[in-house]
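Every number here is computed from the coordinates shown, using simple stated rules; none is lab data. Keep in mind that this is a model prediction, so the values were computed, not measured.
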Amino acid sequence: MNSAFLSHLSGSRVAAPLSLSRLSALLVLLTVALLPASAVAAGDLRIGLVAEKVISTVDGTEVFDTQSPAQPGDVIQYTAVYRNTGDGHISNLAPVLPIPEGMRCDLTAASPAPAEASLDGKTFVPMAEAVAALKADNSRVVRALRWHVAQLDAGSSATVVARASLNKSR
């Protein structure tokens, strides 16, 4: 496994191999940091993130593996569930799913279709604009996806899914 595929999550290179469980923990921390302060401060929003290696079987079905380390070329599916555990609704939730450095996001596999993408991890643009930028310069990659949830009622949840492949070489 290319152990340095995630080089700038904390501003320094990752020295040890990165398991899917460690990657999930890092992505949850980043996702929480990017949420609106009112949703986090209220303590009513719980986020669950699962990173699973997608394995295609001989018959074309897919199975998911959370145990084995990711290898170059592997496809990882991220499923983030945002649950409102409070008594009131949460308005204008903007779930963000960072895409780690060294990975290439498959925009066709995101569900629901994300509203925006970031090519630098900071500035979000409408999806059509991001796709056009990617077509104009195929060396650019998506660093994060953002969805919009107008209202998350008490006791309800919103789920977002994205897939990214680990680059074959650095």
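Things to note:
- Average Cα contact separation per residue, region 43-93, under 8 Å, 6 or more apart, as relative contact order %: 47
- Whole-Å semi-axes of the ellipsoid equivalent to region 65-170 (Cα gyration tensor, √5λ, descending): 27, 18, 9
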